[in-house]
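The values are calculated or read from the model by the stated rules, or taken from the named source; none is laboratory data. All of these numbers come straight from a predicted model, not from anything done at the bench. Neighbour counts are summed over all protein chains in view; Cβ atoms, including those assigned to glycine, are modelled from backbone coordinates with ideal geometry. Surface accessibility is based on the protein's heavy atoms, side chains included, excluding ligands, DNA and RNA. Shrake-Rupley method; radii C 1.70, N 1.55, O 1.52, S 1.80 Å.
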Protein chains: 2
Amino acid sequence: MSLAATKDTLKQRGIRLTRQRQLLLELIDQSGKHLDAESLYRMAQERDPKLNRVTVYRTLKLLKEGGLVDELDLMHYGGDQHYYETRTKQEHAHIVCLRCGKVEEFFGDVLQRLRRQIETTFGFQIVIARTEIGGYCAHCQVLRAQEMTEARLDTAAAGAKPARP
Amino acid sequence: MSLAATKDTLKQRGIRLTRQRQLLLELIDQSGKHLDAESLYRMAQERDPKLNRVTVYRTLKLLKEGGLVDELDLMHYGGDQHYYETRTKQEHAHIVCLRCGKVEEFFGDVLQRLRRQIETTFGFQIVIARTEIGGYCAHCQVLRAQEMTEARLDTAAAGAKPARP
DNA sequence: GTTAGTGCAAACCTTTTGCAGCTCT
DNA sequence: AGAGCTGCAAAAGGTTTGCACTAAC
């Protein structure tokens with residue numbers, strides 16, 4: 001959904017486009033994905049130092065409730081805050097590397113199939129679906145193997161010289 | 001995983017089976033699924049009033065890191081706390097009704113298919129996978145329809161008599 | 001006897017709320 | 001004009017940490 005379309009949607013719902021909201025909407029729109037409230041706040045403050053953190057939270061809540069952004073946890077990598085992304089047309093899963101924190105997105109019709117199965121199995125009306133996967137990306141798998149080898153060598157060395165220096 | 005097996009696993013890792021941990025493990029094992037820290041704490045206190053909330057958090061963290069329990073958000077229905085369930089053999093999705101809070105579980109090989117696709121697409125080594133779905137259960141769909149009708153009638157009534165009493 | 005684990009108090013981080021004043025429409 | 005929104009301060013909710021004491025191995 002484009003920035004202009006989002007503004008229209010809000011206007012239609014009788015929600016005021018204040019200076020602060022315009023700024024926040026722009027920032028969310030421009031930014032890459034997966035912003036958390038604090039990052040958004042800091043970005044906003046550079047352009048409007050008086051803008052309050054509370055306004056950020058209130059705006060995000062508004063957008064979330066209006067279905068204009070999705071809220072993610074990203075496996076709580078880096079804390080318990082929430083992340084937000086503008087709602088894309090296509091459902092996708094988030095894949096988080098537990099070592100480097102990189103987030104990949106997976107599109108694929110398995111997700112739609114899952115959705116349909118759940119709707120029919122339970123007669124459930126789905127509003128939001130969230131799949132988050134944690135593990136190690138190809139790159140970090142290698143690095144972890146190295147780290148583990150080093151740790152083993154350290155332990156062996158410590159074993160040879162019984163007491164710690 | 002059975003209670004005894006969990007205890008063994010912990011022992012093998014050199015983790016002490018203190019009185020407090022034994023109690024918490026039992027409670028987690030007995031309880032139905034989807035316990036949050038506070039509930040577990042309250043249950044534990046009935047049997048050991050001196051057991052501290054902090055110990056509950058530390059034990060849950062331990063179990064989570066050891067892969068003995070899974071941590072869930074359940075779409076933050078009812079707050080931002082986490083829920084825990086003992087790790088079952090079978091991966092499943094959690095389906096949360098946003099009106100009544102009921103949680104259903106969905107097993108199905110679509111989930112395994114999704115898992116495999118992600119592993120091969122990204123060369124990703126999956127540690128935890130979490131699918132949570134929010135929406136309205138069959139029962140609440142009906143109730144919501146009624147509520148919306150009532151709301152419409154209220155608005156109409158309010159419209160007929162312009163000022164609020 | 002060590003070392004890991006506990007309890008307590010206090011801090012922490014993220015998010016929400018109450019209220020007076022400002023601003024969009 | 002007036003409801004809606006903002007900023008500020010303060011609180012809430014959930015979780016973690018530092019430290020002295022205790023208990024498991």
request  = State, to one decimal in nm and shortest first, how far the label point of residue A:101 sits from each corresponding label point in the other identical copies (label point: 7 angstrom along Cα-to-Cβ).
outcome  = 3.4
ask   = If you look at just the Cα atoms of the protein assembly as shown, how large are its Rg and its Dmax in Å?
value = 23.8, 89
message = For peptide B:128-140, what's the mean number of Cβ atoms from other chains within 10 Å of each residue's Cβ?
response = 6
ask   = If you take the beta carbon distance between residue B:112 and residue A:22 as r and set R0 to 45 Å, what does 1/(1 + (r/R0)^6) give as a FRET efficiency, to the nearest 0.05?
value = 0.50
message = Let me spell out the model: positive unit charges on the Cβ of Lys and Arg, negative unit charges on the Cβ of Asp and Glu, origin at the Cα centre of chain B. What dipole size does that give, in debye rounded to 20?
response = 460 debye
task = Can you list the distances in nanometres, one decimal and ascending, from the residue B:148 label point to the identical position in each other copy, with the point 7 Å along Cα to Cβ?
result = 5.2
request  = Give the value in nm², to one decimal: projected area of the alpha carbon convex hull of region A:1-88, averaged over all directions.
outcome  = 5.5 nm²
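Would you work out the relative contact order for region B:1-88, in percent, from Cα pairs under 8 angstrom that are 6 or more residues apart? Could the numbers behind the result be given before it?
Values: 84 pairs, mean separation 26.5, N = 88.
Worked out over region B:1-88, it gives 30 percent.
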key: Accessible area in square angstrom per residue, region B:1-88, 1.4 angstrom probe   = 56 Å²
inquiry  = Could you sort A:71, A:132 by their accessible area in this structure, using a 1.4 Å probe and putting the largest first?
reply    = A:71, A:132
task = Point me to the residue of chain A whose C-beta lies closest to the A-onto-B rotation axis, rounding the distance to whole angstrom.
result = A:131, 2
inquiry  = Measuring nothing but label to label, 7 Å from Cα along Cα→Cβ, what are residue A:62's distances to the other copies in nm, shortest first?
reply    = 4.7
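Region B:80-120: D in µm²/s via Stokes-Einstein (Kirkwood Rh, Cα pairs, 20 °C, 1.002 mPa s)?
Working: Rh = 12.2 Å.
So the translational diffusion coefficient is about 176 µm²/s.
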request  = Calculate I(q)/I(0) for chain A by the Debye formula, one identical point scatterer on each C-alpha and no solvent, and give its log10 at q = 0.10, 0.13, 0.18, 0.19 Å⁻¹ to two decimals.
outcome  = -0.54, -0.78, -1.17, -1.25
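Once every DSSP H run of n ≥ 4 in chain B is given -39500 (n - 2.57) and the sum is divided by its residues, what mean residue ellipticity at 222 nm do you get, rounded to the nearest 500 deg cm²/dmol?
Values: 6 runs with 83 residues, N = 165.
Result for chain B: -16000 deg cm²/dmol, rounded to the nearest 500.
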task = Could you work out the local net charge near residue A:70, counting Lys and Arg as +1, Asp and Glu as -1, over the other residues with Cβ closer than 14 Å to its Cβ?
result = -4
request  = Obtain the nm distance between the two label points defined at residue A:138 and residue A:52 by a simple spin-label model: each point lies 7 Å from its Cα along the Cα-to-C-beta direction.
outcome  = 4.9 nm
